[in-house]
1. Could you tell me which residue of segment 81-112 is nearest to the ligand (Cβ to nearest atom), considering only residues that are buried (at least 22 other Cβ atoms within 10 Å of the Cβ) and under 31 Å from the mean Cα position of the chain (by Cα)?
2. Report yes if some residue within segment 121-130 is assigned to a strand (DSSP E or B), within 16 Å of the ligand (Cβ to nearest atom) and under 34 Å from the mean Cα position of the chain (by Cα); otherwise report no.
3. Within segment 522-542, can one find any residue that is at pLDDT 90 or above, touching a Lys or Arg at 6+ places or on another chain (Cβ under 7 Å) and charged (D, E, K, R)?
4. Out of all the residues in segment 194-223, which are open to solvent by 40 Å² or more (accessible area, probe 1.4 Å) and either assigned to a helix (DSSP H, G or I) or not acidic (Asp, Glu) (or both)?
5. Would it be correct to say that Ser203 is over 19 Å from the mean Cα position of the chain (by Cα) and closer than 24 Å to Leu384 by Cα?
6. Being open to solvent by 10 Å² or more (accessible area, probe 1.4 Å), in contact (Cβ under 8 Å) with a residue 24 or more places away in the chain, within 16 Å of the ligand (Cβ to nearest atom) and within 29 Å of the chain's Cα centre (by Cα) is the requirement here; does Glu138 meet it?
7. Which one is surrounded by the most Cβ atoms within 10 Å (Cβ to Cβ), of the residues in segment 261-294 that are outside any helix (DSSP H, G or I) and either on the phi > 0 side of the Ramachandran plot or small (Gly, Ala, Ser) (or both)?
8. Could we say that Lys148 is out of contact with any Phe, Trp or Tyr (no Cβ under 6 Å at 6 or more places or on another chain), more than 16 Å from the ligand (Cβ to nearest atom) and under 23 Å from Thr300 (Cβ atoms) here?
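The values are calculated or read from the model by the stated rules, or taken from the named source; none is laboratory data. Worth saying up front: this structure is predicted, and the values here are computed from it rather than measured. Please note: Cβ atoms are built from the backbone with ideal geometry, for glycine as well, and neighbour counts cover all protein chains shown. Accessible surface is based on the protein model in full, side chains and every heavy atom, while ligands, DNA and RNA are left aside. Shrake-Rupley method; radii C 1.70, N 1.55, O 1.52, S 1.80 Å.
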Amino acid sequence: MAEISRLRGEINRHNYLYYVLDSPEVPDAEYDRLMRRLEELEAAFPDLVTPDSPTQRVGAKPLAAFGTIKHTIPMISLANALTRDEALEFDARVKRQLGLGPEDKIEYVGEPKMDGLAVELIYEDGVFVRGSTRGDGEVGEDVTQNLKTVRSIPLRLTKNAPRLLEARGEVFLPLDAFRKINREREERGEPLFANPRNAAAGSIRQLDPKVTAARPLDIFCYGLGVVEGVVPSTHLESLELLKKSGLRVNPFVKLLHGIEAAVEYHDELEARRDSLNYELDGAVLKVNSLDLQRRLGVITRSPRWAIAYKFVPKQEWTRVIRIEVGVGRTGALTPVAILEPVFVGGVTIERATLHNLDEVERKDVRPGDTVIVQRAGDVIPEVLEVIMAKRPPNTEPFRMPPACPVCGAAVDRVKAIHYCTGGLQCPAQLKESIRHFASKRAMDIEGLGDKHIEQFVEAGLLKDVADIFVNLTAENLKNLAKWKDKSIANLLGSIEKSKQPALERLIYALGIKGVGEHMARLLAKRFGSIEKLMEMDEQGLLNVHEIGPETARSIVDFFREPRNLDVLEKLKSAGVVFGIEEGAAGKGALSGKVFLFTGALSSFTRDEAKDLVESLGGEAASSVSKKVDFVVAGEEAGSKYDKAKKLGLTIINEEQFRKMVGR
Ligand code: IVH
């Protein structure tokens, strides 16, 4: 008695959460288990069955905000079969009740079990007049206006349709629409829908039909209520009538001879499940003959002539052991829940994504929590919600680490996303940052494609972008598979050629968050050199039209990160020229820059060149030292050149110098 009473209380609460509030707290599988146990106990102790037990009715009370509609014929629900054995048992029961032998074959109709919201549509003289949700099975909510916004619900049936037709079906949200809506909600910082069913239910039960209209809901009809004028004799004929009248019926409906064919149908549908653009949670098997249906009858909660033969559940609950932070190839930090292993959707999962900090905070997931996890189709497993009642004492809210867990660089935040700022060397982002760096519109290193990058990274030759100029040598390449003299020469040639990029390309190549090609061009024009750009603080950047606070912070953080500065230094000493933007050459363009001339120039005398540098704010040195930023090498450059080379100084030719000074 104590257990029955506890179960009823719990099930009633879940009914309310599921049917009235559209926000369930437990996975369907758990609800089924509770219901099962209650049914079992009530079967063993029939005296304890009361009229208000959840086994004796379907749902809970509808919300008062909508008008109500009483169903002419109650909308009952289906009993479940969770395994093949239970499906066979259902078939055996049907035959027993009909006085048939085990060898006899029952004709079933197999239908996909849509995971959405059951509705009834009433057509009078072919016109859609009223539509309702299932509600508690007896009385539903009047959602006529909202149903009218569903494109696949005809407002008028085809000619010759019955004078009165009540159609029943499942309204659902296609998966692509569901993902799109959640993406938009994520961007707006709104709570995400846990699954397409909740999204569909939430949409139909909107008080404002405009909101419903903006959601591309769809429907498949699967049954009739009252019909006047036509008397189908099989379920399949009922479906034909629905179709003929202009209503949508699922194309995977199939006539099946015997339970073995029905089990096969279930398995085929399950195998197909992930390729469909809507969510299925099982196959419904219905006795085809309406006469047999009448003979079998209905028990309070469900018909004896049909069963929902479920697929393996895609939601379960488990415990969060800890929360780790993963770094994606774009540098985005993703909190991941490490779980006690649990079997969901046919596989064991041990990790589930928590998306981003906003989502963790909204769901308030903490290590030690019991959570509902979901695995939907090809989608990575995710944590849906926390069962707060099961939270142990002394849990701590999750915090994002201040440093990248992979490389230790500082972490920055743009909108909901945290990301690592050590893009030039972070191993998690390595392949992606090299790919971007070498790409056509960045450094344009011809022949350094994705496959090669992969090979070089795996071989340990590339640990940051500067290694392209340090470690990709004929010596090193010779030892790698598929590299021949000619291909090596070609690659080394294009690497050499890329060493003097236009400033805007170099800036773009660094892969600073928020700095695309356009922004890189803007920065090059405005600041004229990497060094100038590096000196800027956020305010200085914000003064530039088009640079917003997020990009400004991202740029400052990038150049503040010592790991990035090391890579920049390494690029320089490997011979990459950090050029100066032509257009930016004006008063002060060379400010702080030290030049040294060696060899003969063709368009200037040595003094003219020195004057030019000084007039642009630069300085001309007379001896080689670490202080020199650019060594301009003319014809027959002498010992200064060799010394500069030894010191690893940046050496440019006359042509490059002319570009810098705008001559
Ligand atoms: S028949 C008397 N057919 O599943 C039979 N139901 O648990 C009533 N559902 O409330 C239902 N697809 O929301 C039926 N092909 C289908 C279905 C289907 C989905 C839903 C429906 C119903 C619930 C039954």
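1. Filtering segment 81-112 for residues that are buried (at least 22 other Cβ atoms within 10 Å of the Cβ) and under 31 Å from the mean Cα position of the chain (by Cα), the one nearest to the ligand (Cβ to nearest atom) comes out as Glu111.
2. No - not one qualifying residue is present in segment 121-130.
3. Yes, segment 522-542 has at least one match.
4. Let us first name the residues in segment 194-223 that are open to solvent by 40 Å² or more (accessible area, probe 1.4 Å), namely 206-211, 213-214, 216, 222.
Within segment 194-223, Gln206, Leu207, Pro209, Lys210, Val211, Ala213, Ala214, Pro216, Tyr222 qualify.
5. On the way: over 19 Å from the mean Cα position of the chain (by Cα): yes; closer than 24 Å to Leu384 by Cα: yes.
Yes.
6. Details: open to solvent by 10 Å² or more (accessible area, probe 1.4 Å): yes; in contact (Cβ under 8 Å) with a residue 24 or more places away in the chain: yes; within 16 Å of the ligand (Cβ to nearest atom): yes; within 29 Å of the chain's Cα centre (by Cα): no.
So Glu138 fails the test.
7. As a first pass, look at segment 261-294 and keep what is outside any helix (DSSP H, G or I): 276-289.
If we keep only those that are either on the phi > 0 side of the Ramachandran plot or small (Gly, Ala, Ser) (or both) as well, we get 282-283, 289.
Details: Gly282: 25, Ala283: 28, Ser289: 19.
My answer is Ala283.
8. The answer is no for Lys148.
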